[in-house]
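Worksheet for the structure shown next.
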Amino acid sequence: MNQNERRDFVRQHRTAVFGYGRKNDGPAQSIVYYVTDGDDILVSTMGARAKAKAVTRLGKVSLCVLDEQWPPSYLVAYCDAKVETESDAVVDLMMRIAGVMAGKEMPEAVRPMVEEGAKREGRVVLRLRPYQTFHSPPKHVHQASDVDEKLLHGLGDSLPW
């Protein structure tokens, strides 16, 4: 994938594995829905959750964007990250994420309920600015005849965002 294909891949999908370094133990990962805002990637979370705390502490995260169709493919984006708390931006993002989850835009009639939920949960926006990507072309076995001398895995490649 070239740079444009990588950006298109991110725009065309909706779920990812959000990764960050923990204070102790190994890296943390969680599944998130996301939307894009230009070249930025936006994730909604509660401000008290470890994702938001890690963004504040480290300012760096990874996002492994998943292709939800079989056979699966993925792209990892390495990102500078920051927490945003402006209430309208938080609610706007939650409305967009709900639309992604539902497969259709949310009606404005639900906005007051979303706004109330955002306040109760202490929601924030995680704004991710990718600077580097990694992609490894998938190789798949669909039947026994696919296992032959041509089934060799190559190395992935990194490209700037």
Margin query: Looking only at region 69-114, count every residue that is part of a strand (DSSP E or B) and small (Gly, Ala, Ser) and tell me the total.
Written below: 2
Item checked: Close pairs (8 angstrom Cβ cut-off, 6 or more residues apart or separate chains): touching a residue at least 24 places away in the same chain (Cβ under 8 Å) in region 71-92, surrounded by 12 or more Cβ atoms within 10 Å (Cβ to Cβ) and of a type in the set (Asp, Glu) anywhere -> 73/67; 74/67; 87/115; 90/84; 91/115
Notebook entry, point to check: Any idea which residue in region 24-68 is surrounded by the most Cβ atoms within 10 Å (Cβ to Cβ), counting only those that are touching a residue at least 12 places away in the same chain (Cβ under 8 Å) and part of a loop (DSSP other than H, G, I, E, B)?
Noted result: 34
Notebook entry, point to check: For region 44-92, which residues satisfy the criterion of being within 26 Å of residue 25 (Cβ to Cβ) and of a type in the set (S, T, N, Q)?
Noted result: 44, 45, 56, 62
Next item on the list: Taking the options 147, 100, 125, name whichever one is of a type in the set (A, V, I, L, M) and more than 30 Å from residue 56 (Cα to Cα).
Entry: 147
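Here, each number is a calculation from the coordinates, and none is a lab measurement. Computed from a predicted structure; not experimentally measured. In this analysis, Cβ positions are derived from the backbone assuming ideal geometry, glycine residues included, and neighbour counts consider all displayed protein chains.
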